[in-house]
Amino acid sequence: MWEYTDKVLELFYNPKNQGVLEDKGESGVKITTGEVGSIACGDALRLHLKVDVDTDKIVDARFQTFGCTSAIASSEALVELVKGKTLDEALEVTNKEIAAYLGGLPEAKIHCSVMGQEALEAAIYNYRGIPLDVHEEDDEGALVCTCFGISESRIRRVVKENNLTRAEDVINYIKAGGGCGSCLATIDDIIVSIQREVTTSQASNNNPGQLAVKALTPVQKIALIQKVLDEEVRPVLIADGGDVELYDVDGDIIKVKLQGACGSCSSSFATLKIAIEARLRDRISPSIVVEAV
């Protein structure tokens, strides 16, 4: 049994903003909608916004949701938070504000507030005529959670935005890992990778001279990567029966092939991130990400 705050229960039992806003051709206003989630996954939310065209202000809002007590209360909170705001002001509303408005949510229900924030962004993007999903890049990464169809890109974004430190947190926020659980180890690896990126970035900020390498041309950058691999990484790996080969460079994404003992070692991920990625970040750029192919 979930323990809800009085505010959550109040909004759940007495919702005031459920329904649809229909476009009646009213002068000076425009209706826009944003939809997130999937009924197949258990939660879905469609948010309707009525926007004053001249002032860019949200003059009314309604929602339709297929979800639990938290989903309904979060949607009510979202509507109350955005009414009267301009679209730019509304885009600043975070899922943390939605949860705070409710006096908090059970950890396992935080994803309801995230769903509200994403529906808001989707509606505003639709209004502005951007024919892309709010976080289109979320769909570009490798699929990590097949149960809920959630990509690595989306997990990385949510972990960074909310400073998440455990796979359990990711389940609570976006459900990834909450199905069969087979992807939990991958989610843990993603969290560790992000924590390492943050640490490296902070260290780099304390050593601004390192950023001078940003002036490298693509050819110079590839040559420097190859040089670091040949002179500083490969000798260490070869001594342990392994090796690495540079496969491709796409911006700051460095793709390599682990060979020999490194290719079959159970610690290959650690080799990739600690022995290779950390070294390239230290020598070239703190934003480098190394992936195995």
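The values are calculated or read from the model by the stated rules, or taken from the named source; none is laboratory data. Predicted, not measured: the structure shown is a model, and the values here were computed from it. Ideal geometry is used to build each Cβ from the backbone, glycine not excepted, and the neighbour counts take in all protein chains shown. Quick note on the areas: whole protein, heavy atoms, side chains included, nothing else; ligands and nucleic acids left out. Shrake-Rupley method; radii C 1.70, N 1.55, O 1.52, S 1.80 Å.
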| query | With Cβ to Cβ distances under 15 Å as the rule, what net charge do the other residues near GLY28 carry (K, R +1; D, E -1)? | reply | -2
| said: Only Cα pairs within less than 10 Å get springs; with that Gaussian network setup on the chain, which residue of GLN18, GLN220, GLN195 has the largest fluctuation? | reply: GLN220
| said: Over the Cα atoms of the stretch 48-127, what radius of gyration and what Dmax do you get, in Å? | reply: 12.1, 41
| Candidates [x] -0.46, -0.67, -0.86, -0.94; [y] -0.28, -0.45, -0.67, -0.80; [z] -0.49, -0.72, -0.94, -1.04; which is the computed log10 I(q)/I(0) by the Debye sum over Cα atoms at q = 0.08, 0.10, 0.12, 0.13 Å⁻¹? | [x]
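With r as the distance between the Cβ atoms of ASP248 and THR86 and R0 = 51 Å, compute the FRET efficiency 1/(1 + (r/R0)^6) and round to 0.05. Mind showing how you got there, number by number?
On the way: r = 44 Å, r/R0 = 0.85.
Computed FRET efficiency for THR86 and ASP248 comes out at 0.70.
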| Cα to Cα, under 18 Å, and not fewer than 8 places away if on the same chain: which aspartates and glutamates meet these conditions relative to LYS175? | GLU35, ASP43, GLU107, GLU118, ASP138, ASP139, GLU152, GLU161, ASP188, ASP189
| For LYS57, distant residues with modelled amide H under 5 Å away | ASP52
| task | Report the normalised scattering of the stretch 1-98 as log10 I(q)/I(0) at q = 0.22 Å⁻¹, calculated by the Debye formula with identical scatterers on the alpha carbons. | result | -1.18
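Rolling a 1.4 angstrom probe over the protein heavy atoms, how many square angstrom per residue are accessible across the stretch 1-70? Can you show the working numbers first?
Numbers: 4290 Å² over 70 residues.
Per residue, the stretch 1-70 has an accessible area of 61 Å².
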| Entries of LYS85/LYS109; LYS16/LYS109; LYS7/LYS85; LYS96/LYS255; LYS16/LYS85 with Cα pairs more than 28 Å apart | LYS96/LYS255
| query | Using r as the Cβ-Cβ distance of SER287 and GLN259, and R0 as 30 Å, what FRET efficiency do you calculate, to the nearest 0.05? | reply | 0.70
| Among ALA261, PHE12, GLY103, which residue has its Cα positioned farthest towards the positive end of the charge dipole of the chain, with +1 placed on the Cβ of Lys and Arg, -1 on the Cβ of Asp and Glu, and the dipole taken about the Cα centre? | ALA261
| query | In whole percent, how big is the carbon plus sulfur part of the accessible area of the chain, probe 1.4 Å, protein atoms only? | reply | 50 percent
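What does the charge count around TYR13 come to, taking other residues whose C-beta lies under 15 Å from its C-beta (Lys +1, Arg +1, Asp -1, Glu -1)?
Working: positive: LYS7, LYS16; negative: ASP6, GLU10, GLU76.
Summing Lys/Arg as +1 and Asp/Glu as -1 gives -1.
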| Of VAL233, VAL158, VAL170, the one that fluctuates the most in a GNM where the chain has Cα springs shorter than 10 Å | VAL233
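How do 107-114, 279-286 rank on mean C-beta neighbours within 10 Å, highest first? Write down the numbers at each step before the final one.
Values: 107-114: 23.1, 279-286: 20.0.
Ranking the peptides 107-114, 279-286 by packing returns 107-114, 279-286.
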